[in-house]
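Below is one structure, written out as structure tokens; the observations come after it.
The values are calculated or read from the model by the stated rules, or taken from the named source; none is laboratory data. On a predicted model such as this, the values are computed, not experimentally measured, just so you know. Glycine gets a Cβ as well: all are built from the backbone with ideal geometry, and neighbour counts include every protein chain shown. These accessible areas exclude ligands, DNA and RNA; they are computed on the full protein's heavy atoms, side chains included. Shrake-Rupley method; radii C 1.70, N 1.55, O 1.52, S 1.80 Å.
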Amino acid sequence: MATSQIWLAVGTLALLLVSSAFADDVVVLTEDNFEKEVGQDRGALVEFYAPWCGHCKKLAPEYEKLGASFKKAKSVLIGKVDCDDQKNLCSKYDVQGYPTVKWFPKGSLEPKKYEGARTTEAMAAFVNMEGGTNVKIASDPSNVVVLTPDNFEEFVMDKSKNALVEFYAPWCGHCKALAPTYEKVATAFKLDEDVLIANLDADKYRDLAEKYGISGFPTLKFFPKNNKDGEDYEGGRDLDDFVNFINEKCGTSRDAKGQLTSKAGKVEALETLVKEFVSAADDEKAAILARLEQEVEKLEGSAARYGKIYAKAAKSCMEKGADYAKNEIQRLERMLGKTISPTKADEFTLKKNILAAFA
């Protein structure tokens, strides 16, 4: 076997191993494996979807949670078919809109359409009824950090973090009412390493609560990087109120769903240089790039990371021409239109926002 063929075989094997290691809990079905997986010795719930479909994207986290819940149920398969990629298979099962969810009984390739609500709970109840299972929904891990006297110093007093802390009591009605909103706040900022959303059972740990003057529940205090004495949070208690507060105090740029806004990644100190770079003649750009790189070296924290994206974008514009930024933005928008991980969405959005200054 030629050396190139050997490396091709090794590369293919490595790709297969990586794909397998990162496979999700919903089985990806194609023409090649559909009848090997469906219509055999287990019932199957199958979602027929399109990557660009908004309703499909909305269903995706619910369906993934369903797959995780039924992962160990040997008598049931939770699967999905990409109809953009598997047109013949979707046509065979008369899929006319997205998403379409169908149930295939054990030993049958004659499905019936799922007409219920598109929530994990509703779909699980349907699958349990049709498949004769009794699977409970896998609970989502909380993104709120639970504080105790043992870890309070480690988390809240960390000068690399801005911490919002709710002091609550388990029996408090207002605390219970706030809990779902507070969880959404924590979820929105879970990818921001310097933002901490936490809570402390002030009824259980009264000494620690008294240290910070807690006399009612819930009480919220903000501990920014530069003031670990704590500041009273006196804003509203709607999700948008909390998100706006965190964005203002921490320099973040997220919306209530946790997605980066169009302001994310922008560094004002570099934007002026970029304007100068874009309008300069080709023979002047290298000098401006050098100044840009010098400014990037002065940046700290997240701004330093964004600065590197600016510098790389400027180099690419010089190497690939004036249309580079516009074409790259269009490519990133297409990627953002697909179902991707939150981390990838952040990465693409930051780059798109910064490239906008070059377009």
(request) Give the residues of region 64-95 whose amide nitrogen is closer than 19 Å to a point set 7 Å from the Cα of E31 in the direction of its Cβ. (result) 80-95
(message) Can you compute 3J(HN,Hα) from phi for each residue in region 164-170, using the Karplus curve 6.51 cos²θ - 1.76 cosθ + 1.60 with θ = phi - 60°, rounded to whole Hz and x for Gly and Pro?
(response) 9, 10, 9, 9, 10, 10, x
(message) Could you compute how much accessible surface M335 exposes when probed at 1.4 Å, giving the result in Å² to the nearest 10?
(response) 60
(message) Could you report the chain's accessible area per residue, 1.4 Å probe, as an integer in Å²?
(response) 58
(request) Kindly provide the trypsin sites (Lys or Arg not before Pro) of region 84-141 that DSSP labels as loop, not H, G, I, E or B, and whose Cβ sees at most 10 other Cβ atoms within 10 Å. (result) K136
(message) If you take every residue apart from F222 with its C-beta less than 9 Å away from the C-beta of F222, what net charge results, scoring Lys and Arg +1 and Asp and Glu -1?
(response) 0
(message) As a test, work out the antiparallel percent of DSSP beta bridges whose residues both lie in the chain, rounded to the nearest 5.
(response) 45
(message) Quick check: at a probe of 1.4 Å, how many percent of the accessible area of region 219-276 sits on carbon and sulfur atoms?
(response) 39
(message) Please state the shape class of region 38-137: rounded when a/c is under 1.5, otherwise prolate if a/b exceeds b/c and oblate if not, all from the C-alpha gyration tensor.
(response) oblate
(message) Just to check I understand the Karplus step: with θ = phi - 60° and J = 6.51 cos²θ - 1.76 cosθ + 1.60, what whole-Hz values come out for region 344-349, glycine and proline as x?
(response) 5, 4, 4, 4, 5, 5
(message) Only sites in a loop by DSSP and with at most 15 other Cβ atoms within 10 Å count here; which GluC sites (Glu not before Pro) in region 209-273 make the cut?
(response) E234
(message) Using only the heavy atoms of the protein chains and a 1.4 Å probe, how would L59, L208 rank by accessible area, largest first?
(response) L208, L59
(message) Tell me whether region 220-359 comes out rounded, prolate or oblate; compute the Cα gyration tensor, take square roots of the eigenvalues as a ≥ b ≥ c, and use a/c under 1.5 as the rounded threshold.
(response) oblate
(request) Return the loop-located trypsin sites (Lys or Arg not before Pro) in region 205-299 (DSSP other than H, G, I, E, B) with at most 16 other Cβ atoms within 10 Å of their own Cβ; answer none if there are none. (result) K225, K228, R237, K257, K263
